[in-house]
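Below is one structure, written out as C-alpha cells, with a few remarks after it.
Please treat every number below as a calculation from the coordinates, not as lab data. Given the structure is predicted, the values throughout are model-derived calculations rather than measurements. Positions of Cβ are backbone-derived with ideal geometry, glycine not excepted, and every protein chain shown enters the neighbour counts.
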Amino acid sequence: MDYPPKIFQEDERNHLVEVIKSFPLATIISVKDGKPLLTHLPLILKGDVLVGHLDLYNPQVPLLQDGQPITVLFSGPQCYISPSIYTTTQLPTWNYVKVHLEGQVHAVTDPKKVQQSLIAMTQFLEGDAQQYELAPNNPQMAKYLPYVHGFEITITSWEGKFKLSQNRNLTDFNLAKEQLIKLNQESIRRFLDRIL
C-alpha cells in the first residue's frame, strides 16, 4: 500500500525543484549512535547537488564528510483546512508541501570553493532585486572563512509529498488552494504580532 496515497505523492521533478528554490531553508538530518542530529540552513540546488555551509563548530560537521549518508527535508506552505470552506461535506484536514531527499555528502575543503559557495548563496538569496553583493575581498568574510565547513550533497533519492486536497472536486480543490494562500499570509502576521 502506498503511503501517503499516490494522489499526494509528487513525482514531477520540476515541482520538487520549485519547492527547493522557493523555500531554500532545509533541515539536514544525520544519525550518530542512533541519535538524530538536525541542522536548519539554506541550501542551493545545482543539478542533482545541494551546496551549503555551516559553522565549523556545529556538532553535525563530523557527519558531513565524504560518503556520509544524509536526509534533507524542505518544507513549503502548510495549513489547517476547515470543512467550512468546501462546497461538499468533508472532514477537517491539514494540507502541506514537503520534499524529502536522500544523498551522500562530500566535504568541500578548498577555501576558494567555500568562498565561492558563500558568494553564490548570497546572490541566490538576494534574488533578482539584489540589494547586497558579497565581494570576494570582503574582510569580514576573510575572518569568517576558517570557521566555515563547506559541503555538497549528491542527491540519490527524490520524494515529494504534496497534500493539497487533490482528492476533492475541482471547486473544493481551488477553495483549499485559496485557503492555503490566505491562511499562510494571515498566520505569519498573527505570529509576528504575538512575539514581537
Original post:
Given only helices, namely DSSP H runs of n ≥ 4 each adding -39500 (n - 2.57), what is the per-residue ellipticity at 222 nm of the chain, to the nearest 500 deg cm²/dmol?
Top reply: -9500 deg cm²/dmol
Original post:
Given N residues in the stretch 114-196, what is Rg(Cα) / (2.2 N^0.38 Å)?
Top reply: 1.74
**OP:** Calculate, in nm to one decimal, what LYS112 and HIS40 gain on full extension: separation in residues at 0.36 nm each, minus their alpha carbon distance.
**Re:** 23.5 nm
Original post:
Got a sec? How would THR27, THR89 order by Cβ neighbour count within 10 Å, fewest to most?
Top reply: THR89, THR27
Subject >> Fewest-first sequence of GLU10, GLU18 by Cβ atoms within 10 Å of each Cβ >> reply: GLU18, GLU10
Original post:
Counting other C-beta atoms within 10 Å, which of GLU133, GLU159 has the fewest, and how do the rest follow?
Top reply: GLU133, GLU159
Original post:
Once you treat every alpha carbon in the chain as an equal point and sum by Debye, what is log10 I(q)/I(0) at q = 0.08, 0.11, 0.12, 0.14 Å⁻¹?
Top reply: -0.35, -0.63, -0.74, -0.94
Subject >> Label-to-label distance, nm, for residues given as ASN138 and ASN58 (7 Å Cα→Cβ offset) >> reply: 1.7 nm
Subject >> Simple spin-label estimate for VAL49 and PHE23 in nanometres, 7 Å along Cα-Cβ >> reply: 2.7 nm
Subject >> Alpha carbon centroid spacing (whole Å) that separates the stretch 34-75 from the stretch 165-196 >> reply: 30 Å
Original post:
Under a 5 Å amide H to amide H cut-off, with H placed in plane at 1.01 Å, what residues pair with GLY103 once short-range neighbours are removed?
Top reply: ILE70, THR156
Subject >> Hits among lysines - C-alpha to C-alpha of LYS113 under 26 Å, sequence gap 8 or more where chains match >> reply: LYS21, LYS46, LYS143
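Compute, for the chain, the length of the dipole vector about the Cα centre, with Cβ point charges of +1 (Lys, Arg) and -1 (Asp, Glu) only. Units Debye, rounded to 20.
My answer is approximately 420 debye.
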